[in-house]
Amino acid sequence: MKRTQSIDLGVMRKAPKLFAFRPLALAVTAGTLIGCSDDTQEAQVYKSVEDCISGNPGQTEQCEIAYQQAEQEAIKSGPKYNNLAACVQDFGAHNCQSYPVQNNQSIFMPLMAGYMFGSMMNGGSRSAPLYTSYSRRSPAYGKWTSTDGNLFGSANSNKIRVNDKAFKPKPTVRRTMSRGGFGSTIAAKSSFGGRTSRSSWGG
Amino acid sequence: MFRSIIKQRPNWQISAAEYGFTFHTMHGEAYWDESAYYQFSLEQIERDIEAPTQELHQMCLQVVDKVIADQQLMQKFQIPEQHWDYIRNSWLAGDQSLYSRMDLVYGGAGHAKLYENNADTPTSLYETGFWQWLWLQDQVNAGKLNRRADQFNSLQEKIINRFAQLKLEHPAEILYFSCCKDTDEDRGTVQYLEDCATAAGIECKFIYVEDIGLSADDCFTDLDNLKISWMFKLYPWEFMLREEYSDVLESAAVSWIEPPWKAILSNKALLPMLWKMFPQHPNLLPSFFEDELKNSQLVNYVKKPIFAREGANISIHLAGKEVYSSPGPYGDEGYIYQAYSPLPAFGDNFTLIGSWLVNDQAAGISVREDKNKVTQDMSRYMPHIIL
């Protein structure tokens, strides 16, 4: 036989899938998904190292390490904005801080409002940064939210339910300086012959 | 090899909608045409197409190996000088390729001749790998075609297997798929490849070429400002190497599909180089650079821009007279000259064979038909069988 032996036609069908499996707002639904998933665990949220120590007497060192880890993760994976206004819009006034980068420029990131702290089976601990928003227009208003925008319920609560994934380090979020540096050739070639729509840039 | 009329599948347009084949009709004209099909013998496929395709591919790779080591040739191939190292390193590092399509002149007898090698951004992949496969299955099940009818088309199977191989070098990495905005055909092709990669267990994301970002630390970023480290782009290297972000290609260190060395493999300058390195090879047409034309003794030839897409800016010269020319925006980078070898005619149709490779394995064919002597992007796609 010179042809593909078999093709799973169910996988190849496109139309119904579009509606069934594409969540529009992943960040918002994730909170719900976590709540009803089986492998969730309760994580304690602390607003400071002192807060952590008072909740975990005798674990001063773990609390400090967890805090530092969370801070580092926040710098690496936290939301980054090119201007203060954009950060304030998502996280509220007096909740954003500037960090200098190259060429006398700055980026803006929300302040870490707390960190979740969980123990592991081997006796160690792990942590992840949390933010909250004071902007009424933000979906994270009054809630705990993670570096990737998942919402974890009211920021008044010091306990949240999370799954294992919440503790895993997130990919580093970059600060994008520009877009559109690829694709300029087609703008020049497309205008040829006044054809407004075209079929392919492949061949 | 012959052309047969066949009844179209009833309601195939509904089936096309169901499977997301959105570009079967373009600019009000049929692109997918199942009112007829081409029939090949197994010998024609294996001896005349499959074997020469693999051999031609190996010859093309030898050209790449020679060109990357030679500054004069890099110039002839119109590779911008600041990217010579980038292209060379990609070849020397053995960056992996996914697929390509060679256009062959073949009418059922004699040697297939290489027209050109679409090794960087070949399209009509979905139509070949899936849609004509489904057509055969439907027509056999409907009793319209012989149960023994086969097809030279293991494209989907081979692409999925190839992605599974590539994944070994990129465990836990996200593969980004990319094409330009405003083209259903390219978007469909890329979606199909994404489906194949997903079937191979790869996590995929899509971003338009125009939306790719550049970060402060010289990474390419997606719309969530995450670094892009592995990317399939249905966008030609010859464009990318001349655009704003080409300066940071090296530092962005993306693993590209197709890899940068495909800038040489997909280049029309490949054709005169092949003829130089493998003179009189039965599957090659005599081809020459501009400065060799005088001594070439070519009387009837086709003039092709070094960079061009979809049959644009091509002219046919017979006995010194231009008898045909297609319009287009290309040609600034110079031309190559190829001996005139007209497409075979089946009725009043001119027929072109696209022969696919997945990495270095021949993987199937596509048949395109045109009323015109030069196949353009609106030529019709026809299914085929082996019997």
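The values are calculated or read from the model by the stated rules, or taken from the named source; none is laboratory data. Because the structure is predicted, anything quoted here is derived from the model rather than measured. When we count neighbours, we look across all protein chains shown, and the Cβ atoms used for this are built from the backbone with ideal geometry, even at glycine. Quick note on the areas: whole protein, heavy atoms, side chains included, nothing else; ligands and nucleic acids left out. Shrake-Rupley method; radii C 1.70, N 1.55, O 1.52, S 1.80 Å.
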Of B:142, B:119, B:36, the most mobile residue in a GNM of chain B (C-alpha springs, cutoff 10 Å) is B:142
Tell me the mean residue ellipticity at 222 nm calculated for the protein assembly as shown from its helices only (DSSP H runs of n ≥ 4, each -39500 (n - 2.57), averaged over every residue, nearest 500).
-7500 deg cm²/dmol
B:387, B:357, ranked by accessible area, largest first (probe 1.4 Å):
B:387, B:357
Candidate span helices, chain B: DSSP H, at least 20 Å along axis from Cα coords, Kyte-Doolittle average at least -1.0, result B:51-67, B:155-169, B:184-199
Trypsin sites (Lys or Arg not before Pro) lying in DSSP loop within segment B:313-387, provided at most 14 other Cβ fall within 10 Å
B:371
To the nearest Å², the heavy-atom accessible area per residue of chain B with 1.4 Å probe amounts to 37 Å²
Separation in nanometres of the label points that stand 7 Å from Cα toward Cβ, at residue B:371 and residue B:13
2.0 nm
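Give, in nm to one decimal, the length gained when the segment between residue B:71 and residue B:211 is fully stretched (0.36 nm per residue of separation minus the Cα-Cα distance).
Numbers: separation 140, 0.36 × 140 = 50.40 nm, distance 3.37 nm.
Going from the current span to full extension adds 47.0 nm.
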With all protein chains in place and a 1.4 Å probe, residue B:15 shows an accessible area in Å² (nearest 10) of 20 Å²
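Using a 1.4 Å probe, what is the accessible area per residue for segment A:54-151, in Å²?
Solvent-accessible surface per residue comes out at 54 Å².
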Segment B:203-269, accessible surface, carbon-and-sulfur percent (1.4 angstrom probe):
45 percent
Could you tell me whether segment B:244-387 comes out rounded, prolate or oblate from its Cα gyration tensor? Rule is a ≥ b ≥ c as square roots of the eigenvalues, rounded for a/c under 1.5, then prolate if a/b exceeds b/c, otherwise oblate.
oblate
If R₀ is 41 angstrom, what is the calculated FRET efficiency for the pair residue A:157 and residue B:253, using the beta carbon separation as r and rounding to 0.05?
0.45
Whole angstrom only: what separates the Cα centroid of segment B:114-152 from the Cα centroid of segment B:208-275?
30 Å
With +1 on each Lys and Arg Cβ and -1 on each Asp and Glu Cβ, and nothing else charged, work out how big the dipole of the protein assembly as shown is about its Cα centre, in Debye to the nearest 20.
1140 debye
Most positive-pole-ward Cα, B:230, B:196, B:145, against dipole of chain B from beta carbon charges
B:145
Protein accessible surface hidden between B and A, which excludes ligands and nucleic acids, total in Å², probe 1.4 Å
4800 Å²
From the residues A:52, B:19, B:124, which one has its Cα farthest along the dipole of the protein assembly as shown in the positive direction, the dipole being from +1 and -1 charges on Cβ of Lys/Arg and Asp/Glu about the Cα centre?
B:19
Could you report the accessible area of residue B:181 in Å², rounded to 10, computed with a 1.4 Å probe on the protein chains as they sit in the structure?
80 Å²
Which value, in Å² and to the nearest 10, is the accessible area of residue B:33 when all protein chains are kept and the probe is 1.4 Å?
20 Å²
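Let me make sure I get this right: for segment A:129-189, a, b and c are the square roots of the gyration tensor eigenvalues over alpha carbons, sorted descending. Under 1.5 in a/c it's rounded, otherwise prolate if a/b > b/c, else oblate. Which is it?
Judged from the Cα gyration tensor, segment A:129-189 comes out prolate (a/c at least 1.5, a/b above b/c).
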If you line up the Cα atoms of the protein assembly as shown on their principal axes, what length do they span on each, largest first, in Å?
92, 58, 46
Probe 1.4 Å, all protein chains present, accessible-area order of A:51, B:184, largest first:
B:184, A:51
Which of A:167, A:135, A:181 sits closest to the plus end of the dipole of segment A:104-183, meaning its Cα is farthest towards the positive end, when Lys and Arg get +1 and Asp and Glu get -1 on the C-beta?
A:181
Other protein chain Cβ atoms within 10 Å, averaged over every residue that makes up B:114-122:
1
Inter-chain shielding metric for B:157-166, i.e. average beta-carbon neighbours from other chains within 10 angstrom, reads 1
Go through B:68, B:5 and list them by solvent-accessible area, largest first, probe radius 1.4 Å.
B:5, B:68
Shape call for chain B from the C-alpha gyration tensor, a ≥ b ≥ c root eigenvalues: rounded (a/c under 1.5), prolate (a/b greater than b/c) or oblate?
oblate
Give me the residues in segment B:16-40 whose solvent-accessible area, probe 1.4 Å, is reduced by at least 30 Å² once all protein chains are included instead of the chain isolated.
B:18, B:19, B:27
Work out the mean other chain Cβ neighbour count within 10 Å for the residues of B:220-231 and drop it here as an integer.
4
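Quick one: if the Förster radius is 56 Å, what FRET efficiency do residue A:71 and residue B:138 give, using the C-beta to C-beta distance and rounding to 0.05?
0.40
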Could you list, in their original order, any pairs among B:268/B:294; B:181/B:268; B:66/B:262; A:2/B:262; A:47/B:227 whose Cα atoms are separated by more than 21 Å?
B:181/B:268; A:2/B:262; A:47/B:227
